[in-house]
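These notes are about the structure you will find just below.
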Amino acid sequence: MPCAALDSLPKDAWIIALALVLAYLLWQRKFFRDFCDETAGRLLLLAAVLMRLHHLPRRMRWFKSQMFSAGIGNVHVVLLVGLFIGMILAMQTGVELARFGQQDQLGFLVSTSMAREMGPFVTAIILAATFGSALAAELGTMSVSDELTALEVLSVDRVSFLVLPRVLALMVMCPMLTIFCDAVGILGGGFISVAQLNVSWGMYWDTAFSALQTKAQFIPIPKDVYAGLFKSFIFGGLIAIVSCSAGMAAQGGALGVGRATSRAVRDSIIATIIANYFLTWMIYS
Amino acid sequence: MSAESIQAPQSDDDVVVRLTDVHKAFGSKQILRGVSFELLRGRCLGIMGGSGTGKSVTLRHIIGLMRPDQGKVEVMGRDLAEVTREELQEMRKRIGYVFQEGALINWLTVAENLALPLQENTKLSKSEIESKVQEKLALVHIPDAGAKFPSEISGGMKKRVGLARALITDPELILYDEPNAGLDPEISRSINHLMREVSETLNVTSLVVEHRIECIKTVADEVIFLYDGKVHVHAPVDEFFHSQDSVLKGFLGI
Ligand SMILES: Nc1ncnc2c1ncn2[C@@H]1O[C@H](COP(=O)(O)OP(=O)(O)OP(=O)(O)O)[C@@H](O)[C@H]1O
Ligand SMILES: [Mg+2]
């Protein structure tokens, strides 16, 4: 009987077959194919950047100017948002903790959430919206006005000249800004704790700092801080790669630049969130 | 058409550009349907044709930015289908390309724009590069524009800078994509004289895509009329403008 034969198939075979059918159906959809093409393009761009790391000394001038515009240009936004995020964290958790008389733990909670999660994530979102969109618009304008073609004709290596300094600058500045975000967030949490939740400054700081001192198991460094900074280092690279490739692919005048910019912001936020999940899973599980 | 009246090449060395039966389509849109022509050393060839007939596409084939679907593109004796990426880059150093909109890098000054290909691809010292940049700026009659940014200069000056950048590597072949686009008649005239001057003093071969008759009359030795994806008329410049071909007459408005 055919049914018996089907029943005797291992369960996994069904799942694999289903996955294949699903993949085939998805492949028929244009948006999915475009997505795969884009992802492949971005991975290739990343590989191209990595292969040109030794060009950095020649690109110092652009690297510095990009660091300046990514860092100095956005530090005020990061500080403002970070402060409020810390205040919100303290308020949200503080009210619950107070019900159990556990406000003493506020410093601990705020500092770990800022260092592990909120600092890197919020900084990445801000940079995607400000620096990433500017990147995509800049490269997009270059693309639609034939400047990228001109570079190609002049045998100027576009990845080394344009992409490398931008990617590295963001990989450096994203962790830097994250430190500011973490610090100001913890400070903001402290304000709220003292002003609204009757925690003493001393208590808040003690728990906040001791939480950040927790060393990693294998490497004796404060784990939460460095894990957060590592995440934001990756986020910075992701945002820059996604924005550069979206910008360089722009076509068709001002409209194309606009489309590239919005795609850059959308995709870099999505990429950041997905990467965030996997990095957290890698580091903490 | 009147291709017989174009002088035959003495030897293959004299042919700088040769297109043989080049076809190109974008999706279902067939743009080039068998374009063939030869450009001899030291000559200036004009390409005329309506908007969207594939003039820029033809130039892009010659500089290796596009590959033909069918047919052969030979530049300086090499079949572009057979050259490696490195060889193509080497060849491009011997070709100058003047873009329709200038395509200057906006965040570099004029002098930095000119210096860029030299910094990237040669081992020249800083002072050598500087003197070369100054020499080319003087050649296009804007010796003082070096410190300005592209956004601070006029359209005519941008064209001059674009030409100077194309000349920076001392190319043997220059491709102009609509050098007169967006310029008023007076500035056009000065650009056309500059192009003539460049091709005479530097003895370069040039290919000019343009639909202004005056420009072609000033600079070209022979002219091609692209129509329906093919070379419809190919004739020396004075014959071209007295052609009896009805389509060409319609295009020229005579
Ligand atoms: N990369 C491309 N992808 C798709 N279509 C293209 C591409 N490049 C050119 N085309 C199409 O090919 C046609 C010819 O383009 P081309 O730029 O060569 O025109 P042109 O003769 O230079 O006209 P113009 O005088 O307006 O510059 C146009 O219809 C254009 O839409
Ligand atoms: Mg054109």
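A few comments on the model shown:
Here is a yes/no grid of residues against (1) open to solvent by less than 10 Å² (accessible area, probe 1.4 Å); (2) over 18 Å from the mean Cα position of the chain (by Cα); (3) closer than 30 Å to B:PRO171 by Cβ:
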residue	(1), (2), (3)
A:GLY132	yes, no, no
A:LEU139	yes, yes, yes
A:GLU147	yes, yes, yes
A:GLU152	no, yes, yes
A:SER160	yes, yes, yes
A:CYS174	yes, no, no
A:THR178	yes, no, no
A:PHE191	no, yes, no
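- Residue list for region B:53-112, filter: within 16 Å of ligand 1 (Cβ to nearest atom), in contact with a Leu (Cβ under 9 Å, 6 or more places away or on another chain) and among the aliphatic types (A, V, I, L, M): B:VAL57, B:LEU59, B:ILE62, B:ILE63, B:LEU65, B:VAL73, B:VAL98, B:ALA103
- Checking each residue of region A:210-220 against the condition of being of a type in the set (Val, Ile, Thr) and either open to solvent by less than 20 Å² (accessible area, probe 1.4 Å) or touching a His at 6+ places or on another chain (Cβ under 9 Å) (or both) gives no match.
Rundown of residues vs (1) open to solvent by 50 Å² or more (accessible area, probe 1.4 Å); (2) aromatic (Phe, Trp, Tyr); (3) in contact with a helix residue (DSSP H, G or I) (Cβ under 8 Å, 6 or more places away or on another chain), yes/no style:
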{"residue": "A:LEU45", "(1), (2), (3)": "no, no, yes"}
{"residue": "A:LEU50", "(1), (2), (3)": "yes, no, no"}
{"residue": "A:PRO57", "(1), (2), (3)": "yes, no, no"}
{"residue": "A:GLN66", "(1), (2), (3)": "no, no, yes"}
{"residue": "A:SER69", "(1), (2), (3)": "yes, no, yes"}
{"residue": "A:HIS76", "(1), (2), (3)": "yes, no, no"}
{"residue": "A:LEU80", "(1), (2), (3)": "yes, no, no"}
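- From the list B:LEU59, B:LEU80, B:LEU45, the lone residue that is more than 13 Å from ligand 2 (Cβ to nearest atom) and within 14 Å of chain A (Cβ to nearest Cβ) is B:LEU80.
- Yes/no for B:LEU32 being within 16 Å of ligand 1 (Cβ to nearest atom), part of a helix (DSSP H, G or I) and modelled with pLDDT of 90 or more: no
- Among the conditions (1) within 19 Å of B:ILE174 (Cβ to Cβ); (2) more than 13 Å from chain A (Cβ to nearest Cβ); (3) within 16 Å of ligand 2 (Cβ to nearest atom), the only one that B:GLY50 does not satisfy is (1).
- Search result, residues across region B:12-24 that are part of a strand (DSSP E or B), more than 9 Å from ligand 1 (Cβ to nearest atom) and either within 14 Å of another protein chain (Cβ to nearest Cβ) or of a type outside the set (Val, Ile, Thr) (or both): B:ARG18, B:LEU19, B:ASP21, B:HIS23
- Residues being within 16 Å of ligand 2 (Cβ to nearest atom) and open to solvent by less than 10 Å² (accessible area, probe 1.4 Å) - total across region B:178-191: 2
- Listed conditions (1) within 19 Å of the chain's Cα centre (by Cα); (2) modelled with pLDDT under 95 are all met by A:GLY202, apart from (1).
- Within region B:87-99, the set of residues being open to solvent by 20 Å² or more (accessible area, probe 1.4 Å) and at the interface with another protein chain (Cβ under 7 Å from one of its Cβ atoms) comprises B:GLN89, B:LYS93.
- Just one of (1) in a helix (DSSP H, G or I); (2) within 14 Å of another protein chain (Cβ to nearest Cβ) fails for A:VAL156. It is (1).
- Residue match in region A:134-144 (condition: more than 14 Å from chain B (Cβ to nearest Cβ) and in contact (Cβ under 8 Å) with a residue 40 or more places away in the chain): yes
- Some residue of region A:100-123 being over 24 Å from the mean Cα position of the chain (by Cα), open to solvent by 40 Å² or more (accessible area, probe 1.4 Å) and either among the small types (Gly, Ala, Ser) or modelled with pLDDT of 95 or more (or both): yes
- Restricting region B:62-77 to residues that are in a loop (DSSP other than H, G, I, E, B) and either surrounded by 14 or more Cβ atoms within 10 Å (Cβ to Cβ) or within 16 Å of ligand 2 (Cβ to nearest atom) (or both), the residue that is farthest from the other protein chains (Cβ to nearest Cβ) is B:PRO68.
- In region B:53-72, the residues that are acidic (Asp, Glu) form Cβ pairs under 7 Å with partners that are surrounded by 21 or more Cβ atoms within 10 Å (Cβ to Cβ), at six or more places apart or across chains, as follows: B:ASP69/B:LYS24.
- Test for A:LEU139: is it touching a Gly at 6+ places or on another chain (Cβ under 7 Å), modelled with pLDDT under 95 and among the aliphatic types (A, V, I, L, M): no
- The residues of region B:100-115 that are crowded, with 24+ Cβ neighbours inside 10 Å and polar (S, T, N, Q) amount to a single one, B:ASN113.
- Picking from residues in region B:116-127 that are assigned to a loop (DSSP other than H, G, I, E, B) and within 14 Å of chain A (Cβ to nearest Cβ), the one that is most open to solvent (accessible area, probe 1.4 Å) is B:LYS123.
- Once region B:21-42 is narrowed to residues that are within 16 Å of ligand 2 (Cβ to nearest atom) and open to solvent by 40 Å² or more (accessible area, probe 1.4 Å), the residue that is farthest from A:LEU151 (Cα to Cα) is B:LYS29.
- Residue count for region B:43-52 satisfying the condition of being part of a strand (DSSP E or B) and either open to solvent by 10 Å² or more (accessible area, probe 1.4 Å) or within 16 Å of ligand 1 (Cβ to nearest atom) (or both): 5.
The values are calculated or read from the model by the stated rules, or taken from the named source; none is laboratory data. These numbers were taken from a predicted model, which means no experiment stands behind them. With ideal geometry, Cβ positions are generated from the backbone for all residues, glycine too; neighbour counts draw on all protein chains shown. Please note that ligands, DNA and RNA were not included when accessible areas were found on the heavy atoms of the full protein model with its side chains. Shrake-Rupley method; radii C 1.70, N 1.55, O 1.52, S 1.80 Å.
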